[in-house]
1. Scan segment 34-53 for residues that are closer than 13 Å to residue 114 by Cβ and touching a strand residue (DSSP E or B) at 6+ places or on another chain (Cβ under 7 Å) and jot them down.
2. Can you tell me which residue within segment 171-197, out of those that are touching a strand residue (DSSP E or B) at 6+ places or on another chain (Cβ under 7 Å) and without any contact (Cβ under 8 Å) to a residue 40 or more places away in the chain, is surrounded by the fewest Cβ atoms within 10 Å (Cβ to Cβ)?
3. Out of the residues in segment 83-101 that are without any contact (Cβ under 8 Å) to a residue 60 or more places away in the chain, over 22 Å from residue 184 (Cβ atoms) and in contact with a helix residue (DSSP H, G or I) (Cβ under 8 Å, 6 or more places away or on another chain), which is surrounded by the most Cβ atoms within 10 Å (Cβ to Cβ)?
4. Mind telling me which of the residues 129, 122 ends up being touching a strand residue (DSSP E or B) at 6+ places or on another chain (Cβ under 7 Å), assigned to a loop (DSSP other than H, G, I, E, B) and surrounded by fewer than 18 Cβ atoms within 10 Å (Cβ to Cβ)?
5. Report yes if some residue within segment 65-81 is surrounded by 17 or more Cβ atoms within 10 Å (Cβ to Cβ) and under 18 Å from the mean Cα position of the chain (by Cα); otherwise report no.
6. Just the residues that are in a loop (DSSP other than H, G, I, E, B) and over 12 Å from residue 101 (Cα atoms), please, taken from segment 58-76.
7. Output yes when any residue across segment 162-183 is at pLDDT 95 or above, more than 17 Å from residue 45 (Cβ to Cβ) and not in a loop (DSSP other than H, G, I, E, B), and no when none is.
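The values are calculated or read from the model by the stated rules, or taken from the named source; none is laboratory data. Predicted model, so just to flag it, every value in this text is computed and none were measured. Please note: Cβ atoms are built from the backbone with ideal geometry, for glycine as well, and neighbour counts cover all protein chains shown.
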């Protein structure tokens with residue numbers, strides 16, 4: 001009898017460890033997948049649990065970072081990887097694109113379809129609808145934007161927020177270019193469900209990788 005109890009306890013511990021390794025019980029459509037990923041099951045996406053992965057890999061001198069050469073990026077800043085590291089991993093949009101291509105070439109965390117998140121410029125939940133660059137189509141910007149990928153993540157995040165690294169009150173690049181002016185691209189903030197448009201080369205912002213499942 002005693003041996004049966006011991007075996008049952010050992011089996012339970014193994015189950016708990018396997019569950020902790022492979023993932024967690026989903027909450028609000030989100031699930032932690034291992035140590036590095038959080039899955040949005042509703043949109044079939046996985047985000048890195050590090051909201052500024054470049055900063056972390058740079059600080060750790062990870063080979064994925066040290067093998068990245070941003071100095072030759074077309075329309076980049078000409079900075080070295082060390083110089084980007086000194087600015088906490090912030091990049092212009094073209095450097096961000098090159099960084100994600102580098103992650104894909106290295107099959108980072110087993111995936112080769114990393115990209116920047118997408119927002120929606122036809123998001124009726126945003127606080128403002130404005131006309132940009134003499135376009136006849138209003139563009140959604142401002143606060144309370146919930147229909148893009150970042151907004152959906154924020155709405156579901158709740159108790160999982162503490163499991164994310166480097167998530168602060170900052171603005172990130174998106175993959176969504178402005179249709180009326182492709183020199184402008186969407187940017188977003190998680191804390192206030194905010195989005196806007198910025199010039200691809202004028203700002204240096206962090207990059208939060210995501211990929212589709």
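1. First pass over segment 34-53, keeping only residues closer than 13 Å to residue 114 by Cβ: 36-37, 45-48, 50, 53.
Residues satisfying the conditions are 36, 37, 45, 46, 47, 48, 50.
2. As a first pass, look at segment 171-197 and keep what is touching a strand residue (DSSP E or B) at 6+ places or on another chain (Cβ under 7 Å): 171-178, 183-189, 194-197.
From what is left, the residues that are without any contact (Cβ under 8 Å) to a residue 40 or more places away in the chain are 171, 177, 183, 187, 189.
Numbers: 171: 17, 177: 16, 183: 14, 187: 21, 189: 18.
Within segment 171-197, the match that is surrounded by the fewest Cβ atoms within 10 Å (Cβ to Cβ) is 183.
3. As a first pass, look at segment 83-101 and keep what is without any contact (Cβ under 8 Å) to a residue 60 or more places away in the chain: 83-86, 95, 97-98, 101.
Remaining after also requiring over 22 Å from residue 184 (Cβ atoms): 83-86.
Narrowing further to those that are in contact with a helix residue (DSSP H, G or I) (Cβ under 8 Å, 6 or more places away or on another chain): 84-85.
Values: 84: 25, 85: 19.
Only one residue fits best here, namely 84.
4. Values: 129 fails: assigned to a loop (DSSP other than H, G, I, E, B).
Testing whether each residue is touching a strand residue (DSSP E or B) at 6+ places or on another chain (Cβ under 7 Å), assigned to a loop (DSSP other than H, G, I, E, B) and surrounded by fewer than 18 Cβ atoms within 10 Å (Cβ to Cβ) leaves just 122.
5. Of segment 65-81, the ones surrounded by 17 or more Cβ atoms within 10 Å (Cβ to Cβ) are 65, 68, 70, 73, 76-77, 79, 81.
Subsequent filtering for residues that are under 18 Å from the mean Cα position of the chain (by Cα) retains 65.
Checked segment 65-81: at least one residue is surrounded by 17 or more Cβ atoms within 10 Å (Cβ to Cβ) and under 18 Å from the mean Cα position of the chain (by Cα).
6. From segment 58-76, those in a loop (DSSP other than H, G, I, E, B) are 60-62, 67-69, 73-76; that's our starting set.
Answer for segment 58-76, where residues must be in a loop (DSSP other than H, G, I, E, B) and over 12 Å from residue 101 (Cα atoms): 60, 61, 62, 67, 74, 75, 76.
7. Yes - at least one qualifying residue is present in segment 162-183.
Per-residue answers, yes or no, for (1) in contact with a helix residue (DSSP H, G or I) (Cβ under 6 Å, 6 or more places away or on another chain); (2) in contact (Cβ under 8 Å) with a residue 24 or more places away in the chain; (3) within 17 Å of residue 48 (Cβ to Cβ):
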| site | (1), (2), (3) |
| --- | --- |
| 75 | yes, yes, no |
| 105 | no, no, yes |
| 112 | yes, no, yes |
| 116 | no, yes, yes |
| 119 | no, yes, no |
